[in-house]
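The structure under discussion appears below in the form of structure tokens.
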């Protein structure tokens with residue numbers, strides 16, 4: 001992923017109409033609750049698929065402090081729904 005790039009994540013296996021939210025967090029901080037940013041969510045269609053389009057943000061929050069993504073860092077893309085969560089890991093690249 002590149003900072004500022006328009007991206008789309010597709011989530012499958014959700015219940016029809018289920019609200020799916022996405023959070024982006026540095027993999028380095030996995031397991032903690034200090035860092036990340038939420039992006040707009042979406043509702044799953046009748047087939048249980050939700051597509052979440054957004055622009056990769058320039059910054060994430062470390063507590064209340066905005067921090068720029070480090071080029072080459074790994075980021076966890078965490079999809080949350082009523083039934084649980086799933087994680088995909090991506091690498092943040094220079095613009």
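Side notes on the structure shown:
- Subset of segment 4-24 [more than 13 Å from the chain's Cα centre (by Cα) and within 22 Å of residue 91 (Cα to Cα)]: 4, 5, 12
Yes or no, residue by residue, for (1) farther than 16 Å from residue 79 by Cα; (2) over 11 Å from the mean Cα position of the chain (by Cα); (3) surrounded by 12 or more Cβ atoms within 10 Å (Cβ to Cβ):
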residue	(1), (2), (3)
28	yes, yes, yes
35	no, yes, yes
39	no, no, yes
42	no, yes, yes
46	yes, yes, no
51	no, yes, yes
58	yes, yes, yes
65	yes, yes, no
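- Lone unmet requirement of (1) loosely packed, with under 12 Cβ neighbours inside 10 Å; (2) over 17 Å from residue 87 (Cα atoms); (3) modelled with pLDDT under 90 for residue 6: (3)
The values are calculated or read from the model by the stated rules, or taken from the named source; none is laboratory data. The model shown is predicted, which means the values in this text are computed figures rather than measured ones. Cβ sites come from the backbone with ideal geometry, for glycine too, and all protein chains shown count toward neighbours.
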